[in-house]
Amino acid sequence: MIPTVPSDAWPARISSNGWVTKSLIMATYRVISIGVLAAHPLWGEKGEVRPGHATTTLVESGARRILVDPSLPAPVLLARMAERAKIAADDVTDIFLTSFHPQGRRALSAFPQARWWLSEVEREACERLLAERLDEAHEADDEDLLAALAIETALLSKCEICPDQLAPKVDLFPLYGVTVGCAGLLITQPRSTVLICGDAIATMEHLEQGKVLPSAFDIQAAQDSFREAVEIADLLVLGRDNAVMNPLRLAY
C-alpha cells in the first residue's frame, strides 16, 4: 500500500517543459545537545550550580540546515554535531538564535559561512542596549569593556532580521517576554507541529507547572507566550531540556 500524504505537504512546481510536478518538502528536527539551567529555580537552586547552556537543535528543510542556539563551546558542539547528525560546520546553512543571550551562542563564530538570524524585536533591543553600554564605557574610559562590547557589536551586526518563514514548513514564532524579543521556530509536519521554544519554556518542570523563568524581562508577556506555545504545538523542544510531547495543550 502506498502511504498517503496530506496535499499541503506537496507544493506545486512548474518544470521547464510546462508540466506541473509536485515534490515533497519535509521539515525535520533533531536535538543535537540537551540544555541545562545554571541554577534550576524549581529545584530550589540559587547562584550558579553548573555551567548553563541552551538546547541546540538541527532543523532540515529542503537544502537548508538550520542550527538553533549553538550553545556549547565550538569544539564540543562540532563533535556533538558529528555524533548526532554526521554533519560538519560547513554543512550548516543558517544559524537561528532564539535570543541573543550569551549562553545560547558560544559557538556562533564557528559558522562564518552560514547566515545568522534573530527576531527583529530582539535585534533592535540588543542594538539599543549595546549602544547605551558603549556610551557608558566611553565615559568611564574602560578599555576592557570597550573591547568586549566591540566583539558583541560585531556579532550582532552579522545577525539578520529573520523573515516570517525561514524555510519551507519552518516559521518564525514570537515568544516575547523571557527576553525582549525571544522567538522560536514552528515546524509544520504532516501530522503534527513542533515548536522550538528557547527559554520561553525552559524545562519539563516549568512546562508541567505552567511557570516561566523568574528572570524574564517581562513576566506577563512571558506568561502569554507560554500559553501561546502550548496552544499551538504538539511537541515542544524546551530551551534547557529535551524535546517532549505537549501534555498541557488541551488544558489551555
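Computed values, structure above
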read-out: Any hit, the range 147-155, residues being in contact with a strand residue (DSSP E or B) (Cβ under 6 Å, 6 or more places away or on another chain) and under 21 Å from H53 (Cα atoms); value: no
read-out: Residue in the range 231-248 that is of a type outside the set (A, V, I, L, M), within 20 Å of S71 (Cβ to Cβ), surrounded by fewer than 17 Cβ atoms within 10 Å (Cβ to Cβ) and within 15 Å of the chain's Cα centre (by Cα) present; value: yes
read-out: Enumeration of residues in the range 113-148 that are buried (at least 16 other Cβ atoms within 10 Å of the Cβ), hydrophobic (A, V, I, L, M, F, W, C) and closer than 23 Å to I95 by Cβ; value: A114, W116, W117, L118, V121, A125, C126, L130
read-out: Matching residues, the range 85-138, being basic (K, R), within 16 Å of V180 (Cα to Cα) and over 18 Å from the mean Cα position of the chain (by Cα); value: R128
read-out: Residue, surrounded by the fewest Cβ atoms within 10 Å (Cβ to Cβ), within the range 182-205, restricted to residues that are part of a loop (DSSP other than H, G, I, E, B) and modelled with pLDDT of 95 or more; value: T203
read-out: Unmet criterion (only one of (1) in contact with a Lys or Arg (Cβ under 7 Å, 6 or more places away or on another chain); (2) at pLDDT 95 or above; (3) of a type in the set (S, T, Y); (4) over 18 Å from A39 (Cβ atoms)) for Y252; value: (2)
read-out: Candidates A125, A167, A114, filtered to the one that is under 23 Å from M26 (Cβ atoms) and in contact with a Gly (Cβ under 9 Å, 6 or more places away or on another chain); value: A167
read-out: Residues satisfying the stated conditions in the range 160-175, i.e. crowded, with 22+ Cβ neighbours inside 10 Å and either more than 19 Å from V237 (Cβ to Cβ) or among the aromatic types (F, W, Y) (or both); value: F173
read-out: Strands (runs of 3 or more DSSP E) enclosed by the range 76-181 - at least 2 residues per element that are in contact (Cβ under 8 Å) with a residue 40 or more places away in the chain and within 21 Å of F226 (Cβ to Cβ); value: 170-174
read-out: Candidate set: the range 96-112, residues that are polar (S, T, N, Q) and touching a strand residue (DSSP E or B) at 6+ places or on another chain (Cβ under 9 Å); chosen: the one surrounded by the fewest Cβ atoms within 10 Å (Cβ to Cβ); value: Q103
read-out: Selection count where residues are touching a residue at least 40 places away in the same chain (Cβ under 8 Å) and in a helix (DSSP H, G or I), scope the range 37-75; value: 3
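A quick yes/no check of all residues on (1) closer than 28 Å to P214 by Cβ; (2) out of contact with any Cys (no Cβ under 7 Å at 6 or more places or on another chain):
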site	(1), (2)
A38	yes, yes
G52	yes, yes
L67	no, yes
A82	no, yes
D91	no, yes
T98	yes, no
R128	yes, yes
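The values are calculated or read from the model by the stated rules, or taken from the named source; none is laboratory data. Worth saying up front: this structure is predicted, and the values here are computed from it rather than measured. Here the Cβ is made from the backbone with ideal geometry for all residues, glycine too, and neighbour counts use every protein chain on show.
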